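Participant: Structure provided below as structure tokens; questions to follow.
The values are calculated or read from the model by the stated rules, or taken from the named source; none is laboratory data. Everything quoted here is computed from the prediction, not taken from an experiment. Cβ placement follows ideal geometry from the backbone for every residue including glycine, while neighbour counts extend to all protein chains displayed. Note: areas computed on protein heavy atoms with side chains; ligands, DNA, RNA excluded. Shrake-Rupley method; radii C 1.70, N 1.55, O 1.52, S 1.80 Å.
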Amino acid sequence: MYSYSETMDIKESMREILLAESRAIQNIPVTDDYERAVNLIVEYVSRRGGKLVTSGMGKAGQIAMNIATTFCSTGIPAVNLHPAEAQHGDLGILQSDDVMLLISNSGKTREILELVDLARRLVPGIPIIVITGNADSQLAKMADATLFTGGAPEVCPLGLTPTTSTTMMTVIGDVLVVNVMKATGFTVAQYAMRHHGGYLGHAARTYNNK
């Protein structure tokens with residue numbers, strides 16, 4: 001019998017992972033498409049009264065869901081649409097003036113590609129923002145704004161498990177949320193109205209009453 005620590009220095013592994021992922025974050029390409037994506041969300045959701053519809057398959061879908069909930073708490077109505085369920089009626093959530101934010105590391109996810117076709121058939125011209133690790137993919141070419149993660153390799157020892165890629169997706173989601181908040185002038189008082197419970201709700205109300 002042997003322990004994990006005898007075959008691998010966990011602290012050293014941790015340092016390597018932190019370094020790899022921090023480098024990947026720093027190497028996310030900063031492009032004009034970020035401004036385009038922010039402007040689409042502000043125009044269609046904040047000004048026209050639509051909503052943001054996020055979607056992804058598998059681990060990317062979990063990131064899409066997190067981005068949607070974060071947008072909701074910061075003044076942008078958002079829902080997450082499962083791409084498979086969309087083909088069984090949930091596509092009906094889409095309306096005019098909505099914007100879609102689709103996530104696929106490969107840019108080749110079949111369910112997401114099909115979702116684009118179905119969405120544009122139902123709502124022609126619906127704006128689509130894509131987060132992907134493959135800037136030359138079919139999905140990227142379908143988008144109105146493509147946010148490229150940089151395509152850094154996964155820190156998973158197999159090079160397969162979504163690890164670095166999902167970190168990049170989350171960071172890009174944060175970039176969008178923060179810049180949309182700035183563009184719309186979202187305030188602490190507005191935050192408190194949407195987030196009543198827990199520590200954050202208490203902190204927002206306390207700050208607002210100062």
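Participant: Could you count how many residues in segment 41-68 are open to solvent by 30 Å² or more (accessible area, probe 1.4 Å), closer than 15 Å to LEU94 by Cβ and in a helix (DSSP H, G or I)?
Facilitator: 1
Participant: Please state which one of VAL79, VAL130 is hydrophobic (A, V, I, L, M, F, W, C), part of a strand (DSSP E or B) and open to solvent by 10 Å² or more (accessible area, probe 1.4 Å).
Facilitator: After applying the criteria, what remains is VAL79.
Participant: Something else now. Which ones in segment 167-210 are modelled with pLDDT under 70, among the aliphatic types (A, V, I, L, M) and surrounded by fewer than 18 Cβ atoms within 10 Å (Cβ to Cβ)?
Facilitator: Correct list: LEU200, ALA203.
Participant: If GLY159 meets every condition in (1) free of Cβ contacts under 8 Å to residues at least 12 places away in the same chain; (2) open to solvent by less than 30 Å² (accessible area, probe 1.4 Å); (3) touching a Pro at 6+ places or on another chain (Cβ under 7 Å) apart from one, which number is that one?
Facilitator: Failing condition for GLY159: (2).
Participant: Then there is this: Restricting segment 12-40 to residues that are β-branched (Val, Ile, Thr) and in a helix (DSSP H, G or I), which is farthest from THR164 (Cα to Cα)?
Facilitator: Top of the filtered list is VAL38.
Participant: For segment 96-117, enumerate the residues that are in a loop (DSSP other than H, G, I, E, B) and open to solvent by less than 10 Å² (accessible area, probe 1.4 Å).
Facilitator: Once the filter is applied, which keeps residues that are in a loop (DSSP other than H, G, I, E, B) and open to solvent by less than 10 Å² (accessible area, probe 1.4 Å), segment 96-117 yields ASP98, GLY107.
Participant: Search segment 38-55 for residues that are more than 18 Å from ALA143 (Cβ to Cβ) and pair each with any residue that is part of a loop (DSSP other than H, G, I, E, B) and open to solvent by 10 Å² or more (accessible area, probe 1.4 Å) when their beta-carbon atoms are under 6 Å apart and the residues are at least 6 apart or on different chains.
Facilitator: ARG48/ASP97; LYS51/PRO77
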